[in-house]
1. For the stretch 160-178, how many residues are in contact with a Gly (Cβ under 7 Å, 6 or more places away or on another chain) and either surrounded by 11 or more Cβ atoms within 10 Å (Cβ to Cβ) or not in a loop (DSSP other than H, G, I, E, B) (or both)?
2. From the residues in the stretch 71-91 that are touching a Ser or Thr at 6+ places or on another chain (Cβ under 9 Å) and open to solvent by 60 Å² or more (accessible area, probe 1.4 Å), which one is farthest from residue 28 (Cα to Cα)?
3. Step by step: first the residues of the stretch 149-159, then only those that are closer than 14 Å to residue 125 by Cα and touching a Leu at 6+ places or on another chain (Cβ under 7 Å), then the one that is least open to solvent (accessible area, probe 1.4 Å). Which residue is that?
4. Can you tell me which condition residue 23 does not meet? The list is (1) farther than 16 Å from residue 104 by Cα; (2) assigned to a helix (DSSP H, G or I); (3) open to solvent by 50 Å² or more (accessible area, probe 1.4 Å); (4) at pLDDT below 70, and all the others hold.
5. If you go through the stretch 88-104 one residue at a time, how many are over 14 Å from residue 38 (Cβ atoms) and within 12 Å of the chain's Cα centre (by Cα)?
6. Please enumerate the residues belonging to the stretch 135-148 that are open to solvent by 70 Å² or more (accessible area, probe 1.4 Å) and either touching a strand residue (DSSP E or B) at 6+ places or on another chain (Cβ under 9 Å) or under 24 Å from residue 112 (Cα atoms) (or both).
Amino acid sequence: MKRIFIATSFVLIFLICFSMFIVKSYTIENNNQDIQKSLTEWEKKNDSTKTDIKKIDKIIDVPNVKEENPKLLKVVQLGDSNIYVAHYLLRDQTAFAVMKKGLNGKLKIKFSKTGSSRPMYDSYDSIKTNKGYFLVISGKKENNIKNINAKIHDIDMNYKLKIPDDKYYLIVKKMPESIKKRPNVELLF
């Protein structure tokens with residue numbers, strides 16, 4: 001009887017510690033104000049530009065570079081999954097952060113993609129969710145191109161995706177359920 005009590009106590013202590021870990025790591029409320037604040041902290045923490053400029057500054061005199069906070073454009077849930085995408089603007093390029101919803105209903109940033117000044121789009125990725133894969137593309141509308149063709153090589157499928165009329169866009173497209181591993185996607189204009 002005493003062994004059962006000790007084993008049950010250990011299991012309960014483990015479950016309490018695990019629950020506390022989950023609650024502490026998923027801290028972002030699902031509202032624009034909290035997401036904006038978290039994006040600002042995330043970008044400051046992950047900004048390699050500052051490190052590079054500090055290195056350069058030791059070699060040559062570099063004037064102070066203005067820090068720019070990200071500007072949240074919108075937040076989109078990927079279907080009815082537990083994954084959200086925060087679309088934002090940083091240094092005149094679009095970016096997105098992928099956030100996961102925890103058991104406590106709050107969000108945690110898993111990773112972000114920042115633009116690289118490509119023509120027509122800044123970044124894209126295929127995001128795995130608990131409801132399958134989604135293609136996410138962010139960019140700045142330029143020229144008069146109205147569509148992006150996404151070719152999924154794994155299943156030899158093409159999507160014709162309309163670029164929204166907004167200056168900055170985020171396109172989200174659910175991929176077929178038959179895709180079980182990260183797909184190889186090519187964007188064509």
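1. Within the stretch 160-178, residues that are in contact with a Gly (Cβ under 7 Å, 6 or more places away or on another chain) and either surrounded by 11 or more Cβ atoms within 10 Å (Cβ to Cβ) or not in a loop (DSSP other than H, G, I, E, B) (or both) number 3.
2. The residue in question is 91.
3. Restricting to residues being closer than 14 Å to residue 125 by Cα and touching a Leu at 6+ places or on another chain (Cβ under 7 Å), the top hit is 150.
4. Just one mismatch for residue 23, condition (1).
5. Residues flagged as over 14 Å from residue 38 (Cβ atoms) and within 12 Å of the chain's Cα centre (by Cα) within the stretch 88-104 amount to 1.
6. 142, 146, listed by residue number.
The values are calculated or read from the model by the stated rules, or taken from the named source; none is laboratory data. Because the structure is a prediction, the values reported are computed rather than measured. Cβ: placed from backbone, ideal geometry, glycine included. Neighbour counts: every protein chain shown. Only protein heavy atoms, including side chains, enter the accessible area calculation; ligands, DNA and RNA are left aside. Shrake-Rupley method; radii C 1.70, N 1.55, O 1.52, S 1.80 Å.
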